[in-house]
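Working notes, structure below.
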Amino acid sequence: MRIWLEKRHLDLKVNWKLSRNQTTFKENFIVHLETPGREFLSEIAPNIRYGESAEKISAQFEAWSSSTDLNSIDSEAALTTSLEAVPLFHSLRFGLESAFLSFFARRAKKSLADYLSLPAPRPLKTSFSMPILPVNEIEAYLEPLKRFDSLKIKVDAEVARDMLTEIGKHTQVKLRVDANEGWRDLDEFLRFQETLRGMNIELIEQPFPSSMVAEYKELKKRTPYRLLADESIEDAGDFGELSEQFHAINVKLMKTGSLLKARDLILEGKKHNLAAMIGCMIETSIGISYGMLFGGMVEYVDLDGFLLVKDEPFRLVTEAEGTLKLS
């Protein structure tokens, strides 16, 4: 048995601008788990919001692999023990865990969905994302996206009003407004949401930093819109607290660090009347194929990360008319 990382430079179709950063490329890793007769692939998509970088991922992987006997990882319990033996970023932990779980499922002669007790994967309608753009570029960006039933709009406090006003001139599809913690003031946000009247707003995602708990609790009482937690939930969550702040949670595999934890977070959220979205980072179709395992458990799907990659190399997922299918 052998495991190694392949670094992949991924050029993007657009300048991917959020409230906190922008980039025209991503550097991800493909995880290769080689076993007798079969190779299992997964993906690592580092995110700077969580202090991750390609260099730090490489260093952590070297520390883990140099202290790990791969042949001793013969069960879920042994896998968990190994992954908790040294500090690992969530995205790295996900890449390692998912490759081994895929191996365990094949060894048990089950699909990965069956092995994880998940509903069978099915075609999924996904939203499509728009980065922060100059207003004069919005119409051209939207033109080829008419096949999608919903759009996720990246905004910050400065440009949100102008961007959404312009978008409303060109489409009436459902809008998911994603601020990536772009607001710092409750009153300012309340004034902004007044400008959304008449727009087809499906969700508002993480308007404030995750630390602004009191502001979220107050906003939930005073907003007509459904609030979605992203940065406020990673690999664990206080669901009693989250349910006072939000209506739904965005579960991303690179953020939870685990297929097993993602499943459990979705189930625990439902016990607290929290709907769920399965989301993603900018990933290839390898990472997205794992996200599709959870489509039967969630109310919202945002798995368009591979569609933002120029010349996506693996083609494990296809998209037609806004619907994703496993190839």
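All of A236, A275 fail the test of being surrounded by fewer than 19 Cβ atoms within 10 Å (Cβ to Cβ) and modelled with pLDDT under 95, apart from A236. In this structure, E231 qualifies as under 17 Å from R49 (Cβ atoms) and of a type outside the set (A, V, I, L, M). Put simply, of L96, L92, L83 the only residue that is touching a Lys or Arg at 6+ places or on another chain (Cβ under 7 Å), buried (at least 20 other Cβ atoms within 10 Å of the Cβ) and either more than 28 Å from V159 (Cβ to Cβ) or among the small types (G, A, S) (or both) is L83.
Pick from segment 31-51 the residues that are closer than 22 Å to I288 by Cβ and more than 17 Å from the chain's Cα centre (by Cα): which of them is surrounded by the most Cβ atoms within 10 Å (Cβ to Cβ)? The residue in question is V31. State the number of residues belonging to segment 188-211 that are in a loop (DSSP other than H, G, I, E, B) and crowded, with 20+ Cβ neighbours inside 10 Å. Residues in segment 188-211 being in a loop (DSSP other than H, G, I, E, B) and crowded, with 20+ Cβ neighbours inside 10 Å: 4 in total. For segment 71-101, taking the residues that are of a type in the set (A, V, I, L, M, F, W, C) and out of contact with any helix residue (DSSP H, G or I) (no Cβ under 9 Å at 6 or more places or on another chain), the one that is nearest to T256 (Cα to Cα) is identified as A99. Selection of segment 79-138 for residues being free of Cβ contacts under 8 Å to residues at least 24 places away in the same chain, in contact with a Phe, Trp or Tyr (Cβ under 7 Å, 6 or more places away or on another chain) and in a loop (DSSP other than H, G, I, E, B) yields only A108. The residue that is modelled with the highest pLDDT, among those in segment 12-21 that are within 17 Å of the chain's Cα centre (by Cα) and surrounded by fewer than 14 Cβ atoms within 10 Å (Cβ to Cβ), is N21. For segment 143-181, the set of residues classified as aliphatic (A, V, I, L, M), at pLDDT 95 or above and over 22 Å from the mean Cα position of the chain (by Cα) consists of M163, L164, I167, listed by residue number.
The values are calculated or read from the model by the stated rules, or taken from the named source; none is laboratory data. Keep in mind it's a predicted model, so treat the numbers as computed, not measured. As a convention, Cβ positions derive from the backbone with ideal geometry for all residues, glycine included, and neighbour counts pool all protein chains shown.
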